[in-house]
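Colleague: Shown below is the structure under consideration.
Please treat every number below as a calculation from the coordinates, not as lab data. Just so it is clear, the structure is predicted and the values come from calculations on it, not from any experiment. Positions of Cβ are backbone-derived with ideal geometry, glycine not excepted, and every protein chain shown enters the neighbour counts.
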Amino acid sequence: MSSCPPPRARSQAWTGDPQEPPSLAWCSADSLGLLIELASMTIRIDKDMQQQFGFSLGEYRMMDALEHGPVRQNQLCGGSLSSAAAVSRWLKQLAREGCVTRHRPPHDRRTLHVRITRRGLNQLRQIRPWLTEVLRPMTDELVPESEHLLVHLHNNLERLLSRFPDSTP
């Protein structure tokens, strides 16, 4: 008979080892349920967006990030909760669809610059109102304190996920 190791105390820091994920023993069932519900809502939104527009939520996020000008591909990785491999996959798909262009500048062949195309901007402008309406019921009730907590949660998740190897679908 094997025994489970005792859960780590909340104050004990996670080592960053993906083979030993952080303990969620301190997390209430309600909090875990909320995280699971948010994940399943994201999956539903992603599927609906793909059916209606032919783009995933990840691809939308890339076009949204590129709307105000070209950036280096590694900047897109740093500004999202997604792995470098997922960002690369989304950008390749967007390039195939004619929504972004990617090029290596002659002075620095190590970097990859990404720019949204007119087609990408048009797609983004078609999807955005739909996504706003989908998200409205979830955001209308937020008060400024809630928004602050969501930003804090986002930053913590981003920091945590950056320690894991590529696992983004």
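Colleague: Looking for whichever is of a type in the set (Lys, Arg), part of a helix (DSSP H, G or I) and surrounded by 12 or more Cβ atoms within 10 Å (Cβ to Cβ) here; the options are ARG115, ARG136, ARG128. Which one fits?
Modeller: On the way: ARG115 fails: part of a helix (DSSP H, G or I); ARG136 fails: surrounded by 12 or more Cβ atoms within 10 Å (Cβ to Cβ).
Selected residue: ARG128, the only one of ARG115, ARG136, ARG128 that is of a type in the set (Lys, Arg), part of a helix (DSSP H, G or I) and surrounded by 12 or more Cβ atoms within 10 Å (Cβ to Cβ).
Colleague: For the stretch 102-127, give me each residue that is in contact with a Phe, Trp or Tyr (Cβ under 7 Å, 6 or more places away or on another chain) and either under 11 Å from GLN73 (Cβ atoms) or of a type in the set (Val, Ile, Thr) (or both).
Modeller: If the condition is that a residue be in contact with a Phe, Trp or Tyr (Cβ under 7 Å, 6 or more places away or on another chain) and either under 11 Å from GLN73 (Cβ atoms) or of a type in the set (Val, Ile, Thr) (or both), then ILE127 is the only one that fits.
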